[in-house]
Amino acid sequence: MRPLAIVTGASTGIGFELAHIAAREGYDLLVVADEPLIDAAADDLRRHGGDVRSVEADLATLDGVDQLLAAAGNRPVDLLCANAGTGTGHAFLEQDVALWRRSIDTNITGTVYLLQKLLRAMVARNAGKVLITGSIAGFIPGSFNAVYNSTKSFINNFADAIRDELKDADGVTITTLMPGATDTEFFARAGMLDTDVGTREKADPAKVAQDGWDALMKGEAHIVSGWKNKLQAAAAHVTPAAILAQQHRAMAEPGTADPEKED
């Protein structure tokens, strides 16, 4: 029987590309997103062969995560790509509670719940691979995307902690993928198309996904995708928080887009 991989946030972007890699590498797939587009994504993934099942579920809720896990049935999950996430562009005081709460519930609560459920089973079998999509944003105070960056700071830190807790489970690996700005639907969905970062050139999601996959297969703890992002991540560790926040403002404040680059 082929191994089973679950990929969350798989309808577009990095998650979609990770699912393609997993299918090409011989995994059956259970892909999930909170939109009907996940069914079209699954149709495309079937060209690689193997079994591909799709679930439309809201991973901001515990019920949505339970719905995903129920779809796996009694079959062991060999690989998890915990990639689902959502942003929160614009000034924090102007945001609806529903917006920032959804980001926290998707990026943190749903992700942590899914990880706990699947890692328990993996540790019991002493076998399993997990790729968690964090971000270099987690190293930067995110003016005008404050909640999102903070959720990624949590994820980066959380992954390091549970990796240490599970270090005696030799057959289980946890890898954190930390991309920078990537050419996905993220910026449109976060309402950031009028910002500098929303309109500048971004990383190819297929390249980011391949970097994450390669690190995952090697059992590496972390991978920052892209040399520019590696430099930015390194600088973030020695730059005062106030300066980092000011730099982020210059990228993410509404109206900072170059008018010639706006769609």
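Scan region 140-158 and tell me whether some residue there is touching a helix residue (DSSP H, G or I) at 6+ places or on another chain (Cβ under 7 Å), at pLDDT 95 or above, of a type in the set (D, E, K, R) and crowded, with 22+ Cβ neighbours inside 10 Å. Yes, because at least one residue in region 140-158 is touching a helix residue (DSSP H, G or I) at 6+ places or on another chain (Cβ under 7 Å), at pLDDT 95 or above, of a type in the set (D, E, K, R) and crowded, with 22+ Cβ neighbours inside 10 Å. The residue that is most open to solvent (accessible area, probe 1.4 Å), counting only those in region 186-206 that are charged (D, E, K, R) and without any contact (Cβ under 8 Å) to a residue 24 or more places away in the chain, is Glu201. In region 80-96 there is at least one residue that is β-branched (Val, Ile, Thr) and under 24 Å from Arg189 (Cβ atoms).
Answer yes if at least one residue in region 65-78 is in contact with a helix residue (DSSP H, G or I) (Cβ under 8 Å, 6 or more places away or on another chain) and of a type in the set (S, T, N, Q), and no otherwise. No, the conditions are met nowhere in region 65-78.
I need a count of the residues in region 218-241 that are in contact (Cβ under 8 Å) with a residue 24 or more places away in the chain and not polar (S, T, N, Q).
12
Look at region 17-30: where a residue is in contact (Cβ under 8 Å) with a residue 12 or more places away in the chain and over 10 Å from Leu45 (Cα atoms) and a partner is among the β-branched types (Val, Ile, Thr) and in a strand (DSSP E or B), sitting 6+ places away or on another chain with Cβ atoms under 6 Å, you get Leu18/Val7; Leu30/Ile6.
Those residues that are in a strand (DSSP E or B) and over 30 Å from Thr195 (Cα atoms), I need them from region 148-184; list them, please. Result: Val172, Thr173, Ile174, Thr175. Pull up region 39-69, narrow it to residues that are open to solvent by 70 Å² or more (accessible area, probe 1.4 Å) and out of contact with any strand residue (DSSP E or B) (no Cβ under 9 Å at 6 or more places or on another chain), then point me to the one that is nearest to Leu115 (Cα to Cα). Once the filter is applied, the top-ranked residue is Leu62. Of everything in region 207-263, what is open to solvent by 40 Å² or more (accessible area, probe 1.4 Å), under 19 Å from Thr173 (Cβ atoms) and in a loop (DSSP other than H, G, I, E, B)? Give them in sequence order. Scanning region 207-263 gives a single hit, Glu220. One residue alone among Leu118, Leu80 is more than 22 Å from Thr182 (Cβ to Cβ) and surrounded by 18 or more Cβ atoms within 10 Å (Cβ to Cβ), and that residue is Leu118. Being without any contact (Cβ under 8 Å) to a residue 40 or more places away in the chain and surrounded by fewer than 20 Cβ atoms within 10 Å (Cβ to Cβ) is the requirement here; does Arg75 meet it? Considered against the rule, which asks whether it is without any contact (Cβ under 8 Å) to a residue 40 or more places away in the chain and surrounded by fewer than 20 Cβ atoms within 10 Å (Cβ to Cβ), Arg75 comes out as no.
The values are calculated or read from the model by the stated rules, or taken from the named source; none is laboratory data. On a predicted model such as this, the values are computed, not experimentally measured, just so you know. Quick reminder, even Gly has a Cβ in these numbers, built from the backbone with ideal geometry, and neighbours come from all protein chains shown. Please note that ligands, DNA and RNA were not included when accessible areas were found on the heavy atoms of the full protein model with its side chains. Shrake-Rupley method; radii C 1.70, N 1.55, O 1.52, S 1.80 Å.
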